[in-house]
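Only the coordinates and a few stated rules stand behind these numbers; no lab work does. Just so you know, these numbers come straight off a predicted model, no measurement behind them. Cβ placement follows ideal geometry from the backbone for every residue including glycine, while neighbour counts extend to all protein chains displayed.
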Amino acid sequence: MHFLALPDRSDAGILALTRYLSQSKVLVDGLVEDMARSAPEALVVAMRRARLVLAPDSPQLQALRIVRTLSPIVDEAVRVHDVLVGAYREREVDLARWKSTLEDTTAFELLVLASLHAYEHLVPHTMTGKSLVEERDDRLDVHWDAINDLLTWKLRTTQRETLKLDDEVIGPSLKRYLSPLLFPDREPPTELVARLQAFAGLLAAQVELNAFLSRSVDAHCFDDSVRFVLVDNRRLHLEEIDPAAKAKWFRDGKKLELLPGYWLHRAFHDFAASDMVHVRIGRPENEAENRLAYIRAMATQLRLREVYGVADTVTAHTGETADMFQALLSLELTARFFMLDFIVPFVEGSEQAGDWIVSLRRLAMRGLINGMQNRFPLTWSGRAEKVSKTTGWTVTPSQPAGSARMAAAILDLWTHDMVSEAERLQKGEPGLAPRLIERPYLKFGHQLVQLPWVAALQSNGTAAINNLRRLAARRGEAAEETRRIESQLATLLRGRGFRVLLNWQPPAERRDAGEVDVIAALDGHLFVLEVKSTYIRRSMHEAWLHASTTLRKAGLQLRRKIDVVQWVFGTDAELCEVLGFARGQPPQRVHGWIVDTSIESDHERFSGFLKVSLEEVIVALRDDRHLLGDPEGLWSGQLPASREAADQELHASLYPAGFSAERFVEVVEGELVWAEFGVGPDPAWGKTRLFRES
């Protein structure tokens, strides 16, 4: 087995070598030594991609250490790796030390401490201010992710009996971890204060470890715009070697930031044109907020339907069918409830009292006085009670009293079962764990726990997309959703005059090329489109995996499909007629595009073919890029400078001389959809990649 001719770092051979170094079950004698002699650059790239920093005891790493003297390039790579391993272990030791201080807490108690910490550090204390972490230029989701990691730690190590909550379990935990702060007696809450300090240290250690993985380990492994240079054999210096690649990473993040506003604007216009504009939604005092929740749910449903092919009903992991819009509306109404009944009163109270603890106490007391309502830093209720309370959110003309069955199915769609997750983790079984925002109802036995400080501020659009496309990607409906994406794209193309053929099967003798998702033709241009549907990613590691697997495979598939389409053009009169060509007439130009629901690797090429986001293609075909710019201030909350400026923006077409295939290619390949917003091919944006919709 030899890898003697690995031409460059994007070659399939490096990917194969990466996979080899990433495992330890199959070891080939002499392979690493052979690579160190003949192709050290390829070996170093594969070593980085394999993320061996996280496997310091790997036999592959031991083999690399043995052969390091054969090549100065490999030797330096191993030295850099060893420095990173040392730094990683230091952070792991520090995290383990802090974990030992809270080893005796249950998962529920950890969430109580996390919630108290959140109200102190993650929620603003003034109506116009930022939270303490945001004032330090940190992102909220970084801390949410760290808390999610700590919850996973608890689920992996705790006794499963402690995860089945009832009053007998909840009471003692609250008495120890919540009551001394909210309902103090004469004795100072010394133990609770010490526990809160321990949690703050634990969370800081987890945040630091995660930041190290993101900024150092993943940068070393997957970011080819930088390199780590060894200084004095013990320190690493980060050197930027490809500013254009770094700028592109930030631009893709800015694109992701712009998209939610686009869908919100479309939903707003749809709502304004519908009969719903005359319908009262809920009680008069809540009508404005309910309308906003309704429009936000419409925006997410539009995006799910047009980009991800999600139908009007979906199946939860329990097998029950839920109405998609009602499920989204439930999520939005929950967010507004927590914002208006928890976060806003707390912030107002903190501003008035100048003390977050005093405000938290007042909030809790008001809830108890007003009908024994739970206004604690986290909430819990029985599943049956939650179904009863949310049934009113499922009211429709056909179900004027709402549907308890539908409310239960919706809850199941957004529920993360702690007992099942703990069982999976403790058995070491593979699987994807939901993040806090993706399934925000945390099920502990018969109790559902919610975190107001997450639910009120999270991106429900991201929650819905990743719930369905990341966690539940293997649903029976997923294949049908992909077909729906292709069909809807075909409808948009036909609306612009294209001749379109869907899901074309090559002749039997060329069937190995596979089904062609979309073939479209206009003005002598032939488009062969490979459609991919995934989810919203959050890290360089996830982006690299997507590029090196799904997109790389898509490029290879597209090459075979274009070859067979062009081959058939000379013999298949029916195909030529459907696409508007005379038999034997070759297209003037052939365009092969990978059309992907993900923004990652946007406008890069795989096997020579352009990868473009489906949302960009939708905007280009609809010619409504002005909605990306938030012309009416719906997303940013800032009104346009003038009505004239807004109107002028509304009439700025991508096709001033009319739509044509030639101009469509210019718009897409030139990234003109984004050009007005500073995210075309040139400018760099920001210092931090935006993974979360704000």
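Determine the shape class of segment 362-474: with a ≥ b ≥ c the square roots of the Cα gyration tensor eigenvalues, call it rounded for a/c under 1.5, and otherwise prolate if a/b is greater than b/c, oblate otherwise.
oblate
Amide H neighbours of H591 under 5 Å, counting only residues 5+ apart in sequence or on other chains, H built in-plane at 1.01 Å?
L526, F527, V528
Using Cα pairs closer than 8 Å and at least 6 residues apart in sequence, work out the relative contact order for the chain, in percent.
13
Given an 8 Å cut-off on Cα distances and at least 6 residues of separation, report the relative contact order of segment 478-675 as a percent.
The value is 19 percent.
Where a ≥ b ≥ c are the square roots of the eigenvalues of the C-alpha gyration tensor, would you call segment 72-124 rounded, which needs a/c under 1.5, or, failing that, prolate if a/b is larger than b/c, or oblate?
prolate
Relative contact order of segment 1-101, please, whole-number percent, based on alpha carbon pairs below 8 angstrom and at least 6 residues apart.
Over segment 1-101, the number comes to 26 percent.
Near the amide H of E320, under 5 Å away, which other amide H atoms are found, from residues 5 or more places off or on another chain, if H is placed in the peptide plane?
Under 5 Å from the amide H of E320 lies no amide H from a residue far enough along the sequence or on another chain.
Order the peptides 610-618, 514-522, 42-50, 494-502 from the highest to the lowest mean number of other Cβ atoms within 10 Å of their residues.
The peptides rank, most packed first, as 42-50, 610-618, 514-522, 494-502.
Rank N370, F108, I14 by how far each Cα sits towards the positive end of the charge dipole of the chain (+1 on Lys, Arg Cβ; -1 on Asp, Glu Cβ) and give me just the farthest.
Checking the options against the dipole of the chain, the answer is F108.
Give me the distance between the Cα centres of segment 380-431 and segment 465-527, rounded to whole Å.
34
Looking at segment 267-301, which trypsin sites (Lys or Arg not before Pro) are in a loop (DSSP not H, G, I, E or B) and have at most 11 other Cβ atoms within 10 Å?
Of the trypsin sites (Lys or Arg not before Pro), the ones in loops of segment 267-301 whose Cβ has at most 11 other Cβ atoms within 10 Å are R280.
Taking every eigenvalue of the Cα gyration tensor of the chain, multiplying by 5 and rooting it, what semi-axes result, largest first, whole Å?
44, 37, 23
How high is the FRET efficiency from A96 to R589, r the C-beta distance, R0 56 Å, rounded to 0.05?
FRET efficiency, A96 to R589: 0.40.
By average Cβ neighbour count within 10 Å, what is the ranking of 68-79, 128-139 from highest down?
68-79, 128-139
Against the 2.2 N^0.38 Å scaling, with N counting residues, where does segment 443-501 land? I'd like the Cα-based Rg ratio to two decimal places.
Numbers: Rg = 18.2 Å, N = 59, 2.2 N^0.38 = 10.4 Å.
That ratio works out to 1.76.
Give, in nm to one decimal, the length gained when the segment between A652 and S225 is fully stretched (0.36 nm per residue of separation minus the Cα-Cα distance).
So the chain would gain 150.2 nm between A652 and S225.
With labels modelled as points extended 7 Å from the Cα through the Cβ direction, what inter-label distance (nm, one decimal) is found for R65 paired with Q505?
With each label point 7 Å from Cα toward Cβ, the separation is 5.6 nm.
At 1.567 mPa s and 4 °C, plugging the Kirkwood radius over alpha-carbon pairs of segment 565-606 into Stokes-Einstein gives what diffusion coefficient in µm²/s?
Details: Rh = 12.4 Å.
Rounded, D is 105 µm²/s.
I'd like the FRET efficiency for H269 and S660, computed as 1/(1 + (r/R0)^6) with the beta carbon distance as r and R0 of 35 Å, rounded to 0.05.
The calculated FRET efficiency here is 0.85.
Amide H neighbours of F606 under 5 Å, at least 5 residues apart or on other chains, H built in the peptide plane: list them.
K611
Using the Karplus curve 6.51 cos²θ - 1.76 cosθ + 1.60 with θ = phi - 60°, what ³J(HN,Hα) values do you get for each residue of segment 556-561, in whole Hz, with x for Gly and Pro?
3J(HN,Hα) across segment 556-561, in whole Hz: 5, 5, 5, 4, 5, 5.
What are the ³J(HN,Hα) values, in whole Hz, obtained from phi via the Karplus relation 6.51 cos²θ - 1.76 cosθ + 1.60 with θ = phi - 60°, for each residue of segment 475-487 in sequence order, with x given for Gly and Pro?
4, x, 7, 4, 5, 5, 5, 4, 4, 5, 4, 4, 5
Which whole-Hz couplings ³J(HN,Hα) result when phi for each residue of segment 562-573 is put into the Karplus expression 6.51 cos²θ - 1.76 cosθ + 1.60, θ = phi - 60°, listed in order with x for Gly and Pro?
Along segment 562-573, the couplings run 5, 4, 6, 5, 5, 5, 5, 4, x, 10, 9, 5 Hz.
Mind scanning K164/K389; K254/K443; K246/K427; K255/K443 and naming the pairs with a C-alpha gap bigger than 31 Å?
Working: K164/K389 22 Å; K254/K443 35 Å; K246/K427 40 Å; K255/K443 35 Å.
With Cα atoms farther than 31 Å apart: K254/K443; K246/K427; K255/K443.
What is the spin-label model distance, in nm, from R19 to L368 if the labels are put 7 Å beyond Cα along the C-beta direction?
6.1
Summing Lys, Arg as +1 and Asp, Glu as -1, what charge do residues with Cβ under 14 Å from the Cβ of L556 carry, L556 excluded?
+4
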